[in-house]
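So the structure is just underneath, and the comments pick up after that.
The values are calculated or read from the model by the stated rules, or taken from the named source; none is laboratory data. Keep in mind that this is a model prediction, so the values were computed, not measured. Here the Cβ positions follow ideal geometry from the backbone for every residue, glycine too, while neighbour counts run over all protein chains shown.
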Amino acid sequence: MAKVTGPLFSLSASGKIGDAMVHFGWKGLNVVRGWVKPRNPEEPEQGDYRLKLGGLGMATRCAEKTSKYRDDAILSQDAGQTWVSSFVGYMAQNVLKTVGNLETVYTLYTGHTATKAVWDAKAALLELALFDMPYKTTTAKFDSGFQLYCLAHYGIAMRLAKEDVFNRTPFTVALASWAEANITALVADLTAV
């Protein structure tokens with residue numbers, strides 16, 4: 001129900017009138033717009049998209065503000081973006097572009113020579129948590145270790161693209177060749193002051 005007030009011949013209204021219009025204040029003005037029924041489709045394709053963006057976003061939470069990883073990520077961020085949006089954008093558009101790409105990278109992670117258990121154990125040290133969507137087409141999910149794997153992938157990609165960032169161990173080693181010591185070095189890079 002809309003509330004209408006009219007002191008000294010100045011009328012204002014706020015709220016919804018039926019399923020037709022909504023009155024509200026905006027920047028000191030009284031405005032009205034058509035009412036739109038909120039929609040949150042839980043379709044499988046939308047679930048895949050939300051899984052990708054949500055999982056990548058969660059991965060960035062473990063990079064401490066004073067870490068070497070974050071410093072280099074800031075140096076490699078795109079103009080007008082934060083390092084988090086640059087990371088998510090790069091990974092979503094170049095590495096995990098389609099559901100097929102996501103599943104391929106997830107398979108590389110689960111079959112990695114350092115084993116999924118090592119990735120997960122190291123991710124637990126950073127307090128990363130599983131991120132999954134109940135409605136999706138892919139069987140992949142953003143395990144905590146997979147989030148760490150994506151951070152490693154990004155660091156290597158940025159070193160290859162810019163050469164003045166992430167130019168140290170473990171990022172100088174191809175990801176397929178990483179051993180537990182490389183993952184430990186990544187954890188230190190994410191947390192070191």
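When residue 89 is tested against (1) touching a Pro at 6+ places or on another chain (Cβ under 8 Å); (2) free of Cβ contacts under 8 Å to residues at least 12 places away in the same chain, exactly one condition is not met: (1). Annotation: of all residues in the range 175-193 being free of Cβ contacts under 8 Å to residues at least 40 places away in the same chain and over 22 Å from the mean Cα position of the chain (by Cα), the one that is farthest from residue 93 (Cα to Cα) is 181. On inspection, residue 136 does not qualify as among the basic types (Lys, Arg) and loosely packed, with under 14 Cβ neighbours inside 10 Å. Between 116, 136, 141, the distinction of being at pLDDT below 95 and either outside the structural domain of residue 76 (by TED's automatic domain parsing) or in contact with a Pro (Cβ under 8 Å, 6 or more places away or on another chain) (or both) belongs to 136 only. Only residues that are part of a helix (DSSP H, G or I) and either free of Cβ contacts under 8 Å to residues at least 12 places away in the same chain or among the aromatic types (Phe, Trp, Tyr) (or both) were counted in the range 68-83, giving 4. Assess whether residue 172 counts as being on the phi < 0 side of the Ramachandran plot, in contact (Cβ under 8 Å) with a residue 24 or more places away in the chain and over 22 Å from the mean Cα position of the chain (by Cα). For residue 172, the condition - on the phi < 0 side of the Ramachandran plot, in contact (Cβ under 8 Å) with a residue 24 or more places away in the chain and over 22 Å from the mean Cα position of the chain (by Cα) - is not met. Taking residue 75 as the residue in question, decide whether it is aliphatic (A, V, I, L, M), under 27 Å from residue 180 (Cβ atoms), in the same structural domain as residue 138 (by TED's automatic domain parsing) and surrounded by fewer than 15 Cβ atoms within 10 Å (Cβ to Cβ). Considered against the rule, which asks whether it is aliphatic (A, V, I, L, M), under 27 Å from residue 180 (Cβ atoms), in the same structural domain as residue 138 (by TED's automatic domain parsing) and surrounded by fewer than 15 Cβ atoms within 10 Å (Cβ to Cβ), residue 75 comes out as no. Residues of the range 20-36 that are loosely packed, with under 10 Cβ neighbours inside 10 Å and either at pLDDT 80 or above or not in a loop (DSSP other than H, G, I, E, B) (or both): 20, 26, 27, 29, 34, 36.
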